[in-house]
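Following: one structure in structure tokens, then a few remarks.
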Amino acid sequence: MRLLAAVLLVVGALAAVGFARHEDRIRQQDRLAVVATQLAGRDVGVHCPSFLGGLVDTHGEAGRVQFDASGRPADHTELAPETCKALRHLDRVDFTCIGRGNCGFSQFQAAWAAHTLAHESFHLRGFSDEGVTECYALQNTAFVAEQLGVAPEQAKQVQRWVYEKGYPNEPEEYHSSKCYDGGPLDLRPQSSVFP
Ligand SMILES: [Zn+2]
């Protein structure tokens, strides 16, 4: 009888942990959806994989948005477990290392996750071309970072950093010949700051 009680106690504790994790995930998804909705210009959702879902995730992408045969985007994006993990505590990441030039991979991963959410949000807005989507995302990474708790000045540095260190290493299809200061995809043509 004592064994049964112990088993029940463990099962109950596991269920409680599982429920807390679930609640946590839902809360994070809601928080990210608020940011994505602003960039997408319509009500959209953000999915973070559950613990088990994260284990079988094999897409290998930081995030994705499904488009149907007629070219219409889905109403939500699926983010990779690493992207969700990095976004969860973005406000606690110390990005002052960018100014000092001694950041590590974890900071870059966090910056890239903010950029990924911006990128998927522009897919959700209806852009399927990777080059165009990426150009808009590069100009809105600071917005995402700031929305998720990064100080405004640091958020700007994060955006600049992603542009300088991440963008050049991306595949050709993510580059657009129209993506430059004052170009057709410049969202702030009056400003000489780009992105
Ligand atoms: Zn894309």
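Values in this text are rule-based calculations from the coordinates and carry no lab data. Everything numeric in this text was worked out from a predicted model, so none of it was measured. Note: ideal-geometry Cβ built from the backbone for every residue, glycine included; neighbour counts use all protein chains shown.
Counting charges near F194 (Lys, Arg +1; Asp, Glu -1) among other residues having Cβ under 15 Å from its Cβ returns a value of 0.
Measuring max minus min along each principal axis, the C-alpha atoms of the stretch 66-139 give extents of 47, 23, 16 Å (largest first). Computed from label points 7 Å out along Cα-Cβ, the spacing between Q38 and R92 is 2.3 nm. Inter-label distance, K165 to V7: 5.2 nm, where each label sits 7 Å from its Cα along the C-beta direction.
The alpha carbon centroids of the stretch 27-105 and the stretch 147-195 are separated by 18 Å.
If I model the stretch 1-66 as equal point scatterers sitting on the Cα atoms and use the Debye formula, what is log10 I(q)/I(0) at q = 0.20 Å⁻¹? Debye intensities relative to I(0), on a log10 scale: -0.90. The radius of gyration of the Cα set in the chain, together with its Dmax, comes out at 19.1, 76 angstrom.
Rounded to the nearest 20 debye, the dipole magnitude of the chain is 680 debye, with +1 charges on Lys and Arg beta carbons, -1 on Asp and Glu beta carbons, and the Cα centre as origin.
Sorting F19, F127 from the fewest to the most surrounding beta carbons within 10 angstrom yields F19, F127.
The angle between the Cα long axis of helix 152-161 and the main principal axis of the chain comes to about 70°, on a 0 to 90 degree scale.
Look at the alpha carbon pairs under 8 Å that are at least 6 residues apart: their mean separation over the length of the chain gives a relative contact order of 17 percent. Per residue, the convex hull spanned by the alpha carbons of the stretch 119-195 comes to 91 Å³.
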